[in-house]
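The values are calculated or read from the model by the stated rules, or taken from the named source; none is laboratory data. Model, not experiment: these values are computed from the prediction. Positions of Cβ are backbone-derived with ideal geometry, glycine not excepted, and every protein chain shown enters the neighbour counts. In case anyone asks, the SASA skips ligands and DNA or RNA and just uses the protein heavy atoms, side chains included. Shrake-Rupley method; radii C 1.70, N 1.55, O 1.52, S 1.80 Å.
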Amino acid sequence: MKKIIALLLVISLMTIVVTGCGTSDTGKVVEENKNSSNSVIMVADVGGVNDQSYNQGAWEGLQAFQKETGVKASFIETVQMSDLATNFDKAVDGEHNLIWGIGFNTADPLEASAKMNPELSYAIVDHDFGEATLDNVTSAMFNVEEASYLVGYIAGLTTKTDKVAYIGGMRSPTMDLFEYGFKAGVDHAAKELNKEIKVEVQIAESFSDAAKGKAIAASLYSDGSDIIFVAAGATGSGVIEQAIEENKWVIGVDRDQSYLAPKNVLTSALKHVGVVTNDLSKRIIDGEKLGGQIIKYGLENGGVGIPENNPNMDPEVYEKALKIQDMIINGEIDPPYSEDTYKNFSK
């Protein structure tokens with residue numbers, strides 16, 4: 001356990017870097033200049049590199065990669081989904097050694113670009129092409145159902161109203177990991193406490209609409225939910241804002257979001273996107289042949305988790321959560337990742 005905590009602490013420290021670039025116009029390439037013949041670029045998902053979530057984490061990882069290796073890193077912002085194909089064309093025109101797609105929304109345009117440019121290397125976060133994976137594309141997947149299970153368990157032990165909620169950005173296999181892992185963790189706590197805890201689910205249909213996130217959160221809090229877990233990119237900032245206004249609990253995602261609401265973030269389901277963009281960029285630029293592979297990151301190798309410091313959480317709840325973490329790592333608990341696996345898990 002100490003090794004796992006130490007690893008998570010190291011990962012957290014690795015991802016804390018200065019984000020020196022502001023938001024760009026649609027499709028504008030923003031880069032950190034370095035004297036290097038190599039270069040890496042990422043095409044961000046909608047929400048921008050200042051989304052306080054996975055786009056920002058991915059860019060921070062590339063900034064750390066650049067600082068450590070001297071390889072030039074850059075990004076292209078995506079304002080709307082229709083920009084993605086054009087943005088990948090711009091990335092190809094830049095003659096980069098590695099092109100990243102951040103988020104499952106980038107999957108189709110990245111795949112099309114990779115097919116047209118088989119000599120180039122690509123990598124994507126949060127999408128598994130399955131048997132259709134191309135030889136020049138590396139996929140990075142997170143077992144976020146594991147971290148979601150932990151925060152669901154924590155929510156179940158913490159709620160006073162026996163009613164909690166989940167707000168997702170969209171419906172997709174990747175987003176299912178958050179929802180069903182969370183619901184299963186809540187169920188675990190409810191069974192332990194011998195009571196029923198209801199989980200309300202709302203899908204925002206957006207990763208960039210903070211106002212919509214705020215409105216959904218207001219409705220859920222008004223309806224009795226006293227804890228909301230949000231996995232919705234920049235939409236989640238509105239949820240956190242509403243939690244502050246109503247002095248209710250919110251559970252962050254992707255990064256430790258306690259700095260956004262020190263008195264209202266109960267904990268966060270960490271997905272260390274920056275560690276992945278840093279790690280895989282180094283390995284691919286160094287010549288490791290990872291094309292066509294799916295690289296998994298979970299609790300066991302420090303890819304996901306919860307923060308070590310949770311000042312708003314009951315210390316006893318935190319200790320219980322660490323025991324659940326051990327059970328997941330040891331294979332005693334296999335958190336569900338879809339509706340079907342959740343139904344089987346519940347049985």
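Quick notes on this one:
- Percent accessible area from carbon and sulfur atoms, the chain, protein chains only, probe 1.4 Å: 48 percent
- Helix 315-329 and the long axis of the chain differ in direction by around 60°, with both axes built from C-alpha atoms.
- C-alpha long axis of helix 144-158 to longest principal axis of the chain, angle in °: 30 degrees
- Accessible solvent surface per residue of the chain, calculated while the other protein chains remain in place, 1.4 angstrom probe, Å²: 42 Å²
- Residue among Ala123, Leu260, Thr174 farthest towards the positive dipole end of the chain, charges placed on Cβ: Leu260
- Taking a ≥ b ≥ c as the square roots of the eigenvalues of the alpha-carbon gyration tensor, the range 141-239 is classed oblate because a/c is 1.5 or more while a/b is no larger than b/c.
- Rg and Dmax over the alpha-carbon atoms of the range 235-300 stand at 16.8, 52 Å.
- Distance in nm between pseudo-label sites at Leu322 and Ser338 (7 Å out along the Cβ direction from Cα): 3.5 nm
- Student exercise, the chain dipole from Lys, Arg, Asp, Glu Cβ charges, in Debye to nearest 20: 600 debye
- Semi-axis lengths, Å, the chain, gyration tensor of Cα atoms, sqrt of 5 times eigenvalues: 33, 21, 19
- For Lys289, the lysines whose Cα falls under 20 Å of its own Cα, not counting residues fewer than eight places away in the same chain, are Lys115.
- Restricting the range 30-105 to GluC sites (Glu not before Pro) in coil, as DSSP defines it, with at most 12 other Cβ within 10 Å: Glu95
- Rounded to the nearest 20 debye, dipole of the range 170-258 from Cβ charges on Lys, Arg, Asp, Glu: 80 debye
- The helix-only estimate of mean residue ellipticity at 222 nm for the chain, built from DSSP H runs of length n ≥ 4 each weighted as -39500 (n - 2.57), is -13500 deg cm²/dmol after division by the residue total.
- On full extension, the segment bounded by Ser172 and Lys115 gains 18.2 nm, given 0.36 nm per residue less the C-alpha separation.
- The angle between the Cα long axis of helix 273-285 and the main principal axis of the chain comes to about 30°, on a 0 to 90 degree scale.
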